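The values are calculated or read from the model by the stated rules, or taken from the named source; none is laboratory data. These figures come from a predicted structure and were not determined experimentally. Note that we place each Cβ from the backbone using ideal geometry, even for glycine, and neighbour counts take in every protein chain shown.
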Amino acid sequence: MIHKRKLHSNDRGIGMTSQGTRDRLVQTLRKEGISDERVLKAITQIPRHKFVDEALSSRAYENTALPIGQSQTISQPWIVARMTEAILDGGQPEKVLEVGTGSGYQAAILSQLVSKVFTVERIDELLKFARRRFHNLRLNNIYVRYADGHLGWPSQAPFDGIMVTAVAQSIPEELLEQLRVGGLLVMPVERNGQQRLITVRRLEDGFDETDLGAVVFVPLLSGLA
């Protein structure tokens with residue numbers, strides 16, 4: 001069972017961070033093709049302004065990526081919604097691995113939709129901020145790990161879903177191995193000089209791949225920082 005958290009009044013925001021502003025963002029996402037009402041509801045529930053620097057909070061509900069430091073960004077709400085829709089495609093995953101915690105916003109959205117979210121980040125400073133946000137928002141079904149995302153989280157495998165929030169030249173074999181049969185991986189992959197959002201479903205005898213279209217992401221890097 002997924003336990004939804006109840007927002008405190010100070011999570012709801014005022015002015016440019018108010019519920020009305022969030023609702024307008026959801027209307028924009030709906031017009032741009034996001035149709036899964038579960039995803040749209042999660043977008044309204046999670047206060048995106050809590051995942052950016054206070055100086056940028058007035059822009060938190062614009063449909064755009066924003067800097068979060070360490071040469072990283074919080075993804076555009078549309079891409080967060082699209083990847084979340086993709087990971088929910090064809091079923092209700094219980095256990096999802098996210099590679100690239102970043103600000104923590106994508107993991108927070110997932111936490112409203114799946115029972116357990118495991119998220120891995122290679123930049124210690126970002127992970128510390130994300131962990132604090134999860135604690136403050138009482139998102140108790142998110143588990144974090146400071147590690148190289150290429151390696152996933154082997155001790156917690158297999159996963160029903162794996163989401164990679166940075167682009168690579170190819171899909172790491174280690175991640176495919178951690179996907180259960182029937183599970184789905186979603187990630188951007190660079191092909192012929194263009195980033196494409198790819199889904200890969202693991203079958204009994206191989207993998208089935210689908211191209212969801214062009215995207216723009218920061219690179220998936222190795223090692224720890």
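Assess whether R138 counts as being surrounded by fewer than 19 Cβ atoms within 10 Å (Cβ to Cβ) and modelled with pLDDT of 95 or more. Against the criterion (surrounded by fewer than 19 Cβ atoms within 10 Å (Cβ to Cβ) and modelled with pLDDT of 95 or more), R138 qualifies. Within segment 33-65, the residues that satisfy the criterion of being closer than 21 Å to E121 by Cβ and surrounded by fewer than 19 Cβ atoms within 10 Å (Cβ to Cβ) are D53, L56, A65.
A single entry from R30, R82 fulfils the requirement of being at pLDDT 95 or above, buried (at least 18 other Cβ atoms within 10 Å of the Cβ) and basic (K, R): R82.
When segment 27-81 is filtered for residues that are charged (D, E, K, R) and either in a loop (DSSP other than H, G, I, E, B) or over 14 Å from the mean Cα position of the chain (by Cα) (or both), the ones remaining, listed by number, are R30, K31, E32, D36, E37, R38, K41, K50, D53, E54, R59, E62.
Conditions (1) closer than 23 Å to T64 by Cβ; (2) modelled with pLDDT of 95 or more; (3) in contact with a Gly (Cβ under 8 Å, 6 or more places away or on another chain); (4) not aromatic (F, W, Y), marked per residue:
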{"residue": "K128", "(1), (2), (3), (4)": "no, yes, no, yes"}
{"residue": "Y143", "(1), (2), (3), (4)": "no, yes, no, no"}
{"residue": "V167", "(1), (2), (3), (4)": "yes, no, no, yes"}
{"residue": "Q195", "(1), (2), (3), (4)": "yes, yes, no, yes"}
{"residue": "V218", "(1), (2), (3), (4)": "yes, no, no, yes"}
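Scanning segment 82-138 for residues that are charged (D, E, K, R), assigned to a loop (DSSP other than H, G, I, E, B) and under 25 Å from L25 (Cα atoms) turns up D89, R138. Residue check: Y146 meets all listed conditions (1) closer than 19 Å to G91 by Cβ; (2) surrounded by fewer than 17 Cβ atoms within 10 Å (Cβ to Cβ); (3) among the aromatic types (F, W, Y) but one, namely (1).
Checked against (1) free of Cβ contacts under 8 Å to residues at least 40 places away in the same chain; (2) among the polar types (S, T, N, Q); (3) surrounded by fewer than 18 Cβ atoms within 10 Å (Cβ to Cβ); (4) in contact with a strand residue (DSSP E or B) (Cβ under 9 Å, 6 or more places away or on another chain), T119 meets all criteria but (3).
For (1) under 17 Å from the mean Cα position of the chain (by Cα); (2) hydroxyl-bearing (S, T, Y); (3) closer than 16 Å to L220 by Cα, each residue gets a yes or a no:
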position: T119; (1), (2), (3): yes, yes, yes
position: R131; (1), (2), (3): yes, no, no
position: M163; (1), (2), (3): yes, no, yes
position: V181; (1), (2), (3): no, no, no
position: P188; (1), (2), (3): yes, no, yes
position: L197; (1), (2), (3): yes, no, yes
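Listed here are the residues, each with its yes/no results for (1) touching a His at 6+ places or on another chain (Cβ under 9 Å); (2) farther than 22 Å from K50 by Cβ; (3) β-branched (V, I, T); (4) surrounded by 15 or more Cβ atoms within 10 Å (Cβ to Cβ).
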residue: F134; (1), (2), (3), (4): no, no, no, yes
residue: V164; (1), (2), (3), (4): no, yes, yes, yes
residue: V167; (1), (2), (3), (4): no, yes, yes, yes
residue: L179; (1), (2), (3), (4): no, yes, no, yes
residue: L185; (1), (2), (3), (4): no, yes, no, yes
residue: E204; (1), (2), (3), (4): no, yes, no, no
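Quick one: count up the residues across segment 100-122 that are hydrophobic (A, V, I, L, M, F, W, C) and touching a Phe, Trp or Tyr at 6+ places or on another chain (Cβ under 9 Å). Matching residues across segment 100-122 total 5. Condition check: crowded, with 20+ Cβ neighbours inside 10 Å, at pLDDT below 95 and among the β-branched types (V, I, T). Does I68 satisfy that? It is true that I68 is crowded, with 20+ Cβ neighbours inside 10 Å, at pLDDT below 95 and among the β-branched types (V, I, T). Only one of the numbered conditions (1) buried (at least 22 other Cβ atoms within 10 Å of the Cβ); (2) outside any helix (DSSP H, G or I) is violated by V189, and that is (1).
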